Amino acid sequence: MTDQSTKPSVPAQNPPGQGAPAGVHKSGGGLLRADWLKGDNAESLRRNLGLVGVLVVLVIIGIITRPELYSDPTWVKNNIFTILQQASAIGVVTVGMTFVIIGGGIDLSVGAIIALAGVWSTTLATQSYGAAGMIFTALVVGVAVGLVNGVLISYGRLVPFIATLAILVSARGLAAQISGKQTQVSTNQTINSIATTKILGIPLLVIILGVVVAAGWVLLNRTTFGRRTVAVGGNTEAARLAGINVRWHTVLLYALSGLCCGIAAIMLTSQATSAQAAMANLYELDAIAAAIIGGTLLSGGRGTIIGALFGVLVFSTITNLFAINNLSTEVQNMVKGGIIVVAVLIQQFRFRSVTQLLGRKPL
Amino acid sequence: MKDLSRRRILFGGAALGAGALLTACTSNDPGENTQIKDEDTDSNPNAAPGTKVVIGFSAPGADHGWIAAITNNAKAQAQAYSDVEFKSVEAGTDAAAQRAAISTLIAQKPTVIVLLPHDGKELNSVGLEAMKAGIPVVNLDRAFPDQAAYRLQIKGDNFGMGLAAGNYVAAQLKLKGVSNPIIGEIPGIDSLELTQERTRGFNEALAANGFKVANRRPAEFTADSGQKAATELLQALPKMDALWNHDDDQGIGVLAAINQAGRKEFFMVGGAGSKAAIDQIAADNSVLKATVTYSPSMASSAISLARLIGQGKGMSDLVELQVPKEITLASETITKENAAKYAKLGF
């Protein structure tokens, strides 16, 4: 998928490869083209094409405004990887967030979990256990906090908003306590080199993002777990009557989100060669926004991993566009807000004329 | 350096005092209206134990090395005095929480309150409240708009920090003979007044040399945000001559991004003076060649002065009988040459 974002014209010419993953889960994996192009599948296909359209427009604006940069092929290649790398950690978090939202919940604690996992893995002597120890710690902390979220929500019957908000506050507090309120520098060269490693010319961080997205896609569209997630988010009561252990499933969803945060914590620690209690500030909002504009229904029951990835890429590309033109981040945030509003409006009111305009042409 | 100059002033003052005394003896006239400092009894008479002072202290729950250093410095300085009782209250996560915490503190009637407000404007009212209750307030770093809200304000020099960084950058570029330099800037949280002041100082110093900033990407004072901002900045400027990063804590991330991009054609100036940054400047093995200070040692000074205010004493090197109302620290430039001297101030 990463390739498509960087050469946005490709998916526009080849929509089936693009839309297929997005909507398969609802049509029972229907193999007939005509079948899956109907209903929700066509809807998510249109939305993804819409996001690809936005990406194309952003790149064109970049080319027009800074032609001298875009005329250098080496720079363009670097820039594509820069955009993808900037999207990598938040992209991983968004995959987990998409699962939680499809399952009918919300996770406001992702940024705090990243901070706690990052800080924990760089302090408490875990650094002395080497890279494996640090990675293990970050993942365990991520999953553990996710489990706490899930148990509070499922068995404590707390509203997800409240439970994860409480964890947001306390996890950052714990992170500040553990870190001694200091930036904890990672002295582990293996961890630090994750951010600089390239495999076959592709940055490792981008590969991790690709693997997580692919795993997320398979999990959502090709497994019982995925179908159950959609069922739980769509109609909890029906899911329960159908024999799904809704409570336990919800716990697993938050644990999955926590796992993604643990992975992201390692990625960020490696990039910044350090961790601190204030890291990954407001990641919860970015992840929710990306999932929503990617076509995930905030009330649950529907959503796509690929759409979420495009949501992240749109934000990452906007940041890049504003940076190369030296425009202020305030305006950038306003534009981001505008995009969220428009995307949700389209989703809410099924703004047919716009979606058709964006989506039907290539069909 | 600090000790040396203090001693020098002290001796100078003593000599002057002796001289004045001498002249006063020989002719009765001139000494009368000369306002000079009397000779101090011991090496530092102000350090001698005096009246017991209870200092109430409040600083935001730190998520940043600098603020952590502020709290640690204040605590350590208070412990150094046998006549000071240190009462610290947590400031919570926002201005409202800190207001509540300080109101509770006021009710306990400490002799002096030292606080680093979340936001000077938002906590102005609590300063007024304390002053009205007869408790002198020492405000650290973030100014109160209302003069009646504080007894003493001790601040870092944000504008001067930018000025110092700008002057260093300009001087280095001139030295290298770069006539049309590409200069990058990575400030901290852009909505803060202190950030705007720093940027204003930087721009003024550059403008005086006919230079300007080519690209400016704000971060959030954290290493991960610094890494992100720097990555974008480096991508936007394929060639750069100089970079000013406002904060050494976020600088950890900025330097990481520079290494990850494999760039070293420019030099970088930091801000605040963290221990890691000073070490790196001394080692001279990265693009970081200098940092301009914004030292958390101001917290130690604030406690010392709060104690003097509580005891009704003045500052021993000044002629005034009481502590002044405003003190702005100077922003100094740390380079490889003087790094060793500043190492103990690093946080």
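The values are calculated or read from the model by the stated rules, or taken from the named source; none is laboratory data. These numbers were taken from a predicted model, which means no experiment stands behind them. Using ideal geometry, Cβ is built from the backbone for each residue, glycine included, and neighbour counts are taken over all protein chains shown. The accessibility values were calculated without ligands, DNA or RNA, using every heavy atom of the protein model including side chains. Shrake-Rupley method; radii C 1.70, N 1.55, O 1.52, S 1.80 Å.
What the table shows:
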quantity	calculated
Checklist (1) in contact (Cβ under 8 Å) with a residue 60 or more places away in the chain; (2) under 25 Å from B:SER225 (Cα atoms) applied to A:GLY150, failing item	(2)
Contacts under 8 angstrom Cβ, first residue in the range B:202-230 being within 14 Å of another protein chain (Cβ to nearest Cβ) and at positive phi, partner of a type outside the set (Val, Ile, Thr) and buried (at least 20 other Cβ atoms within 10 Å of the Cβ), 6 or more apart	B:PHE221/A:ALA278; B:PHE221/B:HIS64; B:PHE221/B:GLY188; B:PHE221/B:ASP247; B:PHE221/B:ASP249; B:PHE221/B:GLN250
Criterion: under 25 Å from B:PHE144 (Cβ atoms) and either open to solvent by less than 60 Å² (accessible area, probe 1.4 Å) or not in a loop (DSSP other than H, G, I, E, B) (or both) - qualifying residue of B:GLY160, B:GLY184	B:GLY160
Any chance A:ILE80 is open to solvent by 10 Å² or more (accessible area, probe 1.4 Å) and within 11 Å of chain B (Cβ to nearest Cβ)	yes
Qualifying residue in the range B:264-273 (condition: of a type outside the set (Val, Ile, Thr) and within 10 Å of chain A (Cβ to nearest Cβ))	no
Every residue from the range A:237-291 that is polar (S, T, N, Q) and open to solvent by 10 Å² or more (accessible area, probe 1.4 Å)	A:ASN245, A:THR250, A:THR273, A:ASN281
Test result for A:GLY105, at pLDDT 95 or above, away from chain B (no Cβ under 11 Å) and within 21 Å of A:ASP286 (Cα to Cα)	yes
Condition broken by B:PHE144, with the remaining ones in (1) in contact with a Phe, Trp or Tyr (Cβ under 6 Å, 6 or more places away or on another chain); (2) free of Cβ contacts under 8 Å to residues at least 24 places away in the same chain; (3) part of a loop (DSSP other than H, G, I, E, B) satisfied	(2)
Residue check, B:ALA261 over 23 Å from the mean Cα position of the chain (by Cα) and within 19 Å of B:GLY166 (Cβ to Cβ)	no
Meets criteria (in contact (Cβ under 8 Å) with a residue 60 or more places away in the chain, away from chain B (no Cβ under 14 Å) and crowded, with 23+ Cβ neighbours inside 10 Å) for A:GLY130	no
Of all residues in the range A:161-178 being buried (at least 24 other Cβ atoms within 10 Å of the Cβ) and more than 14 Å from chain B (Cβ to nearest Cβ), the one that is nearest to A:GLY118 (Cα to Cα)	A:ILE167
Test: A:VAL211 is open to solvent by 60 Å² or more (accessible area, probe 1.4 Å), under 21 Å from the mean Cα position of the chain (by Cα), over 27 Å from B:ALA277 (Cα atoms) and among the β-branched types (Val, Ile, Thr)	yes
Residue check for B:THR23: among the hydroxyl-bearing types (Ser, Thr, Tyr), farther than 30 Å from A:ALA115 by Cβ, modelled with pLDDT under 65 and in a helix (DSSP H, G or I)	yes
Residues within the range B:89-110 that are in contact with a helix residue (DSSP H, G or I) (Cβ under 7 Å, 6 or more places away or on another chain) and open to solvent by 50 Å² or more (accessible area, probe 1.4 Å), tallied	2
Which listed residue, of B:PRO181, B:PRO238, is away from chain A (no Cβ under 14 Å), farther than 22 Å from A:PHE315 by Cβ and not charged (D, E, K, R)	B:PRO181
Which listed residue, of B:SER297, B:SER316, is more than 25 Å from B:LEU194 (Cβ to Cβ) and in contact with a helix residue (DSSP H, G or I) (Cβ under 8 Å, 6 or more places away or on another chain)	B:SER316
Subset of the range A:179-200 [open to solvent by less than 40 Å² (accessible area, probe 1.4 Å) and more than 10 Å from every other protein chain (Cβ to nearest Cβ)]	A:ASN188, A:ILE191, A:ILE194
Checking A:ARG157 against (1) surrounded by fewer than 16 Cβ atoms within 10 Å (Cβ to Cβ); (2) within 12 Å of chain B (Cβ to nearest Cβ), the condition it does not meet	(2)
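Conditions tested, residue by residue: (1) under 18 Å from A:ASN192 (Cβ atoms); (2) touching a Leu at 6+ places or on another chain (Cβ under 9 Å).
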position	(1), (2)
A:THR65	no, yes
A:ALA89	yes, yes
A:VAL92	no, yes
A:THR98	no, yes
A:ALA117	yes, yes
A:TYR129	yes, no
